[in-house]
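The values are calculated or read from the model by the stated rules, or taken from the named source; none is laboratory data. Every value quoted in this text rests on a predicted model; they were computed, and no experiment measured them. Cβ coordinates were reconstructed from backbone atoms using ideal geometry, including for glycine residues, and neighbour counts include every protein chain displayed. Calculation scope for accessible area: heavy atoms of the full protein, side chains included, ligands and nucleic acids excluded. Shrake-Rupley method; radii C 1.70, N 1.55, O 1.52, S 1.80 Å.
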2 protein chains.
Amino acid sequence: MPSKSPRRQLVASILGAALVLAAGQLPALSAEPFSAEPWRETAEKLVARARADRLAWARLAELTDTFGHRLAGSAALEAAFAWARARMQEDGLENVRLEPVMVPRWVRGRESAALVEPFPGELAMLGLGDSVGTGPEGITAEVLVVRSFEDLEARAELAKGRIVFFDVPFTSYGETVRYRGRGASAAARHGARAVLIRSVGPMGLRTPHTGGLRYEEGAPRIPAAALAVEDAQRLRRIHERGQRIVLRLSMEAQLHPDVASANLVAEIRGRERPDEIVLLGGHFDSWDVGTGAMDDGGGCAVTWEALRLVKALGLRPRRTLRVVLFTNEENGLRGGLAYRDAHAGSAANHVLALESDNGAFKPTGFDFTGSDAARAQVAAIARLLEPIGAGAVGPGGGGADIGPIALLGNIPTMSPQTENDAYFLYHHTPADTLERLDPAHVTDLAAAIAVMAYVVADLPARLGE
Amino acid sequence: MPSKSPRRQLVASILGAALVLAAGQLPALSAEPFSAEPWRETAEKLVARARADRLAWARLAELTDTFGHRLAGSAALEAAFAWARARMQEDGLENVRLEPVMVPRWVRGRESAALVEPFPGELAMLGLGDSVGTGPEGITAEVLVVRSFEDLEARAELAKGRIVFFDVPFTSYGETVRYRGRGASAAARHGARAVLIRSVGPMGLRTPHTGGLRYEEGAPRIPAAALAVEDAQRLRRIHERGQRIVLRLSMEAQLHPDVASANLVAEIRGRERPDEIVLLGGHFDSWDVGTGAMDDGGGCAVTWEALRLVKALGLRPRRTLRVVLFTNEENGLRGGLAYRDAHAGSAANHVLALESDNGAFKPTGFDFTGSDAARAQVAAIARLLEPIGAGAVGPGGGGADIGPIALLGNIPTMSPQTENDAYFLYHHTPADTLERLDPAHVTDLAAAIAVMAYVVADLPARLGE
């Protein structure tokens, strides 16, 4: 985000300091760098209350235990929204409401992949989200093993009538997720009947990873699925022995017409500038495997808890704190787009947008995208979190759901920085369950977000000004 | 195993030494403790050859990649036996033969467990081996959560008509496998309709563990399945919130009439005492999940490789080396029992029985059950393996398949000692695949077994005499 002009910063700073004095707060008008020390006692209270209650953890457990996974268009997601709405009202949050969003309804159905040659046997697989099905007879075809898009192009004439298997070892998500996204269309253009990919993730315990694909215009829509790393390596070794591989893929997957869903919104209205908004959130939907505890039940639990903690302590910041639990991040981003459209008129009134969608692991700080001036303030606020180890501020904050409104409103964006090295071990797998997260870490992450959000909302001048 | 009398040991020692001299070997007649130094050069050659060829690994890969899992009664097991027999003949092993064994044929079929209350959703489960099915309509019932057999007895009147869930946290295999074995009958005696257990293993990645159960006489046979640890903990938490749990269990499992299988036997006949046998082996069958690479494809690969290495170096020990790849260890032990019955007449001619069924991990030595005199010799031989880190000798060697013949013939028993701390993470799960083992470790384990078996078979006097 571009920074404001120095002159405007100075004016804002003086104005802000004046407002601070007017409100009887401690910060004095001076040329000193911004200090968040006036909020230290409040920060300590927020952390203490989070640790005493552990409510983010308890609610994440109840959410994921009761409703399980929550794919857009599922009854579970809507039941979970109703449950969360009622709890938010019990918390005393304000303007609790479901903002309507139409979402796709993709239903996996039964699915399997099985070797036919060299010898019959089941493989561990998950169909890719939004894939078409195979039809009830399945697809039985010889497998063409390729290592990359370039390798496919070099042997394109062999793809016709085959199942193309993109056997691409996991390096980084950014590098390898391309095969999940574009593999089906790339192979379909050469006449392939179906596509398999090596799961986009490190070696697990025979753990396949699902995730969305994107069919491109002009390419036939063919079924696509991911194999567990072990099964991918098995096919690789069979292939390297010079043996022919024939495989049967069977998928009932089907995309149904859009259905009604919603973003769940709740607020603590600001005491001075209620129209200025600090936006927090995560996405409430998940893939249809696991219980979506990490991706992204945890992000919803900690951002929601941030508001609850502020409310529980009887605090009311200058600006409005708003939490949004978005729908349909995983296979459509309809929630983030709908939020932008519904709030386009107030986009520029968003002071900060924070999304927690990288796993509710041990917090170490925040990643931030915004002006240098804003970054300096964020860094000062983060120092309040050094006692819990969450004082770092790095670059590159953001999130998929907050992206559309941030782009429209030119809003600074932020995401928690956590010890999330294991994230892609669990990502989009049946193993994304509550056990992947630690109660103490979820608790501290909620506290850290509460402190950051509260202070930003309570700043005398708007963040960065 | 009881040790021989001191007098008999002395006589045997003198006789053995005389034979050594007659054969022109190095060991001299003396009162010195037994030394295996005369075999050091041979040991080094066996290790070097194993490391040069890495054939145990290559064959384990081909076996598990090609045929996958190999439950008794399956086409895969019999095809794998035919493959291994042909390879053993190519190796130049002697008396390669399939010794017939009738085995049970249990077929899992489709199966599922799903929450009905508090909210519908699938659970990660595996039916227990030899379980009966539920019938096509499944079993839908309220769940009674118990912590132990004692807890069940204390609340026995609540079990009638319910699905009893033994939620017993994993401590050790010996402690918790009792619920897999006896849980179904214990609950059935109180009128339960089905049984669930928490998987017998540590936390994995939503990884359920199968394994055999034993229906007891006089108790109705009810279906039984294991839940992944995460799913067990989910039910536990729902239960502790005071919510009613209703579950639907559906299992097509069926036990069919016995079918023909075999133990695969191959030998290197002894040059002086061919009727005395050093028996090595593992079990070739596996559970019907994963590819049975760890349990126990690896044990078969390394014991088979031990004979191949001896053959490849043109060695022929005094006594016969025999490898047996047993059938049906997992759900019947018919292979081990059939071996005992077929070889009852020569049971006492077995000098040593070694089974590798604890995972072909990095070898550290051997566990041994036998006389003190034999143990001293084994320890001396193991010192030849100190250069590869496999020089330790501990108590408690043995194996399920060699148990019956060892009991009948009063035979010393042995098993490799390995770094197998992760064994029960993979045991009886879909994650039991080649990736759990390391090529270098499998290679060294084969070498260690080759050295131990060769020297024991080549001793001037019978082991322990």
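Counting only DSSP beta bridges with both residues in segment A:184-322, the antiparallel share comes to about 20 percent.
Shape summary of segment A:281-437, radius of gyration then Dmax from alpha carbon positions: 15.4, 43 Å.
Please report the relative contact order for chain B, taking Cα pairs under 8 Å with a sequence separation of at least 6, and give it as a percent rounded to a whole number. Intermediate values should be presented prior to the final figure.
Working: 1163 pairs, mean separation 103.5, N = 465.
Computed value for chain B: 22 percent relative contact order.
Only protein heavy atoms count here; under a 1.4 Å probe, residue A:463 has an accessible surface of about 10 Å². The Cα atoms of segment B:40-125 cover 68, 31, 22 Å along the three principal axes, with the biggest extent listed first.
Electrostatic tally near residue A:269: other residues with Cβ closer than 12 Å to its Cβ, Lys and Arg +1, Asp and Glu -1, net +2. Restriction of the chymotrypsin sites (Phe, Trp or Tyr not before Pro) in segment B:353-382 to DSSP coil positions whose beta-carbon has at most 10 other beta-carbons within 10 angstrom yields no sites. Note on chain B: with charges restricted to the Cβ of Lys and Arg (+1) and Asp and Glu (-1), its dipole about the Cα centre is near 400 debye. Pull up all non-local amide H partners of residue A:392: gap of 5 or more, or a different chain, and H-to-H distance under 5 Å with H placed in the peptide plane. Distant-sequence amide H within range of residue A:392: A:365, A:366. Rounded to the nearest Hz, the phi-derived 3J(HN,Hα) couplings of segment A:333-343 under the Karplus curve 6.51 cos²θ - 1.76 cosθ + 1.60 (θ = phi - 60°) are 6, 5, x, x, 5, 5, 4, 4, 5, 6, 10, where x marks glycine and proline. Phi angles across segment B:251-265 convert, under the Karplus curve 6.51 cos²θ - 1.76 cosθ + 1.60 with θ = phi - 60°, into 3J(HN,Hα) values of 9, 8, 3, 8, 9, 9, x, 4, 10, 7, 9, 6, 9, 9, 10 Hz, Gly and Pro given as x. As a ratio to 2.2 N^0.38 Å, the alpha-carbon radius of gyration for segment B:184-330 is 1.53. Annotation for segment B:285-299 versus segment B:95-110: alpha-carbon center distance of 14 Å.
Residue of chain A with the smallest Cβ distance to the axis mapping A onto B, distance rounded to whole Å: A:205, 2.
Relative to the Cα centre, what is the charge dipole magnitude of segment A:277-373, using +1 at the beta carbon of each Lys and Arg, -1 at the beta carbon of each Asp and Glu, and rounding to the nearest 20 debye? Walk me through the intermediate numbers first.
Details: 9 positive and 12 negative charges, 149 e Å.
The calculated dipole for segment A:277-373 is roughly 720 debye.
Volume per residue of the convex hull around the Cα atoms, evaluated for chain B, comes out as 140 Å³.
Among bridges DSSP assigns within chain B, what percent are antiparallel (round to 5)? Kindly include the intermediate steps, with their values, before the conclusion.
Working: 38 of 70 bridges.
Roughly 55 percent of the beta bridges in chain B run antiparallel, per DSSP.
Each Lys and Arg Cβ is given +1 and each Asp and Glu Cβ -1; about its Cα centre, segment A:379-455 then shows a dipole of about 280 debye.
Entry comment: accessible area of the protein assembly as shown is 35 Å² per residue, from protein heavy atoms only and a probe of 1.4 Å.
Take every DSSP beta bridge whose two residues both sit in the protein assembly as shown, then give the antiparallel share in percent to the nearest 5.
Values: 76 of 140 bridges.
Rounded to the nearest five, the antiparallel share is 55 percent.
Per-residue 3J(HN,Hα) values for segment A:377-394, derived from phi via the Karplus relation 6.51 cos²θ - 1.76 cosθ + 1.60 with θ = phi - 60°, read 5, 4, 5, 5, 5, 4, 4, 5, 9, 4, x, 9, x, 10, x, 7, 10, x Hz in sequence order (x marks Gly and Pro).
Using Cα centres only, tell me the gap between segment A:354-375 and segment B:200-227 in whole Å. After rounding, the separation between the Cα centres reads 45 Å. Surface composition of chain A: carbon and sulfur atoms hold 53% of the protein heavy-atom accessible area at a 1.4 Å probe. Distances from residue B:348 to itself in the other copies, using label points 7 Å out along the Cα-Cβ axis, amount to 10.3 nm in increasing order. For the protein assembly as shown, the convex hull spanned by the alpha carbon atoms encloses 192 Å³ per residue. Applying a DSSP loop filter and a limit of 12 other Cβ atoms within 10 Å to the GluC sites (Glu not before Pro) in segment A:334-438 leaves nothing.
What is the ratio of the Cα radius of gyration of segment A:78-206 to 2.2 N^0.38 Å, with N the residue count, to two decimals? Mind showing how you got there, number by number?
Working: Rg = 20.1 Å, N = 129, 2.2 N^0.38 = 13.9 Å.
That works out to 1.44 for segment A:78-206.
For segment A:422-465, how big is the tail of P(r) above 14 Å, as a whole percent of Cα pairs? Looking at segment A:422-465, the distances longer than 14 Å represent 64 percent of pairs.
Taking the label point 7 Å along Cα→Cβ, residue B:89 and its counterparts in the other copies are spaced 7.8 nm apart, in ascending order. Close amide H contacts of residue B:350 (hydrogens built in the peptide plane, cut-off under 5 Å, sequence separation of 5 or more or a different chain): B:277. Across the copies of the chain, residue B:161 has label points (7 Å from Cα along Cα→Cβ) spaced 6.0 nm apart, shortest distance listed first. Amide H contacts for residue A:216 (H built 1.01 Å from N in the peptide plane; partners 5 or more residues away or on another chain; cut-off under 5 Å): A:185.
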